[in-house]
Structures are given as structure tokens and as C-alpha cells.
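Below is one structure, written out as C-alpha cells; the observations come after it.
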Amino acid sequence: MTEHFFAGLDGAARAAKPRTQGLTMVIDWGMGPHAQEDLLLTGADYCDFAKVAVGVSRLLSNEVLKDKILRYRQHQVEPFTGGQFLEYAEMNGQAAGYFAAVAAAGYQWVEVSDNLAPVELAWKEDMIRQATQEHGLSVLGEVGKKEGLDSGVPMVDDAQACLEAGAEIVLLEAAELIDEATAPEVEEVIAAVGIDKVMFELPGPWIAGVHQHDIHRMRVELIGKYGGEVNIGNVAAVDLVAVEAYRRGLGVNAGGAED
């Protein structure tokens, strides 16, 4: 194989896929097959999960959806349905058939969240058990609040409950990460469950007052604080390769790769 043009300028070392730390999750808002192929051509090695956001799975035809899922999985990227779709199903009395539909579509992972629906932690624990035990799905359990809804359950208790119910990864809701008041709770979660079990979700324009420079600042600060192998989610497809550059110290943090 011909040596890379820039061999030796590699930045910090990174674990190869399949990896258990330094995970990156992109958010798919319904990108078409050509955009998806471009993403995978340039960044498949740097992407571990793809969240098919909200109810996008319902808006794609069976053929398009199954092809999307297959393309991701062929590149060792695990797609999963966003948690708000499950919450929508619950609020419309259709949660009973949700996980069967997820599995039938070809997904092997699913997100379980409770940040919008007026449900209790026990509901989320039950959903996680149903997904894992009855349908053989792997679960990402989301912890945190959105749009001002607060369950009243301490974040650390929420995270531990998700893992004990069978979730493999805890997603920390982006709204918590930009709220200085909850920063100590975030650190408490990390201390309790371990940094490798936590994936930080980047905020986006769906959160009031969040701009592109806020997203950029947060991903750089996360890498600066927790290192290049921190798990990061909600990465925009267009930013995937740039995030990998920051992880390796090849971006705005150039020279800090060994810190």
C-alpha cells in the first residue's frame, strides 16, 4: 500500500473499530443515500453510531429505511432510533409494538429517553428491559431534561437505573451540558458509572440560544477536559471528520494531542 502523503503527522493514537471508548455518534435527520454514502466514504472509520432522529424512521419508505440501516451496519456504524420517537409512541398509546417494529426494520440498537413525555423513571426502566430481554436490542439510555421538564430524579440515580435495567451506554442530554447549575451532577454521574459508559450529546439549534460557535466550543472543551477518547454524540454529519481531527489534536487544539 502506498504510504499516505502526510504519514507521520498522525496526532494522538486512536483505538480502531469496534471500540469501547472514544465513540462518536452522528445525527441523521433523514439524509439521502448519496449524502450517507459521502459520509461513510470519508468518515466511516471515525463514526460508531448514527441516531436516526425523532420520527424520521416513519417518514422513509421501508425500502429506503432498510437500505439506510444496512449501509451503516456494513461500515460498522450502528444506527438507532431517537428516543423521542419512543416517547411519541408512548403518548399515543402505541409503545407496545414499538420495539418489534424497530427490530423488524433492521435496527439492533435503540434509544430510550424520558425527557419530553410525562412518564416516570420506572417506565424508562421497563422500556429498557423490554427492549433488551424481549427483543434482543441494545439500548442507549438518555438522562437529563429538555424544554424545562424535570423528572425530579437525581441524574446519578437516573443513570445508574438505566444501566441496571440493561442499557449499555448513558446519553447525557445536551441541555444539561450547557447549564452550569447541573455541572456537578454531570461529574457525579461520571464518578458513579465511569467515563466509558457516558456519551455526551452536543447541543444543537433545537435548544434556545445555541449557535454553531457554542457547539464548536463544547466539543473542544469536552476533548480538552476528558481527553481524545471521550464519547461524543449528536455530531452533525458535516462535522464528523473535524471532530476526529480535534480528538487527535490536529485541529484548534494542535500541539495538545499528548496532554
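The sum of -39500 (n - 2.57) across all DSSP H runs of n ≥ 4, divided by the residue count of the chain, sets its helix-only mean residue ellipticity at 222 nm to -11500 deg cm²/dmol. What longest range of the chain stays clear of loop-exposed chymotrypsin sites (Phe, Trp or Tyr not before Pro) (DSSP non-H/G/I/E/B, at most 10 other C-beta within 10 angstrom)? With chymotrypsin sites (Phe, Trp or Tyr not before Pro) excluded where exposed in loops, the chain gives 7-259 as its longest stretch. Beta bridges per DSSP, both residues in the chain: antiparallel share near 5 percent. Excluding the site residues themselves, the longest part of the chain lacking any GluC sites (Glu not before Pro) in a DSSP loop with at most 13 other Cβ atoms within 10 Å is 4-119. For Val64 and Thr42, the difference between the fully extended length at 0.36 nm per residue and the C-alpha to C-alpha distance is 5.8 nm. Available extension along the chain between Asn92 and Leu9 is 24.6 nm, counting 0.36 nm per residue and deducting the alpha carbon span.
Of the cross-linked pairs Lys17/Lys124; Lys17/Lys51; Lys197/Lys225; Lys124/Lys197, those separated by over 26 Å at the C-alpha level are Lys17/Lys124.
With no solvent and one point on each alpha carbon, what is the Debye value of log10 I(q)/I(0) for the stretch 1-143 at q = 0.08, 0.09, 0.10, 0.19 Å⁻¹? Calculated log10 I(q)/I(0) at the listed q: -0.26, -0.32, -0.39, -1.13.
Positive-end ranking of Gly166, Asn62, Phe99 along the dipole of the chain, with charges on Cβ about the Cα centre, is headed by Asn62. Label-to-label distance for Asp214 and Arg73 is 3.7 nm, based on points extended 7 Å past Cα in the beta-carbon direction. What you get for the stretch 24-248, charging only the Cβ of Lys and Arg (+1) and of Asp and Glu (-1), is a dipole of about 740 debye around the Cα centre. Distance between the C-alpha centres of the stretch 181-239 and the stretch 45-115: 22 Å, rounded to the whole angstrom.
Read-outs throughout are calculated quantities, based only on the coordinates presented, and are distinct from any laboratory measurement. For clarity, every value in this text was computed on a predicted model and none was experimentally measured. Quick reminder, even Gly has a Cβ in these numbers, built from the backbone with ideal geometry, and neighbours come from all protein chains shown.
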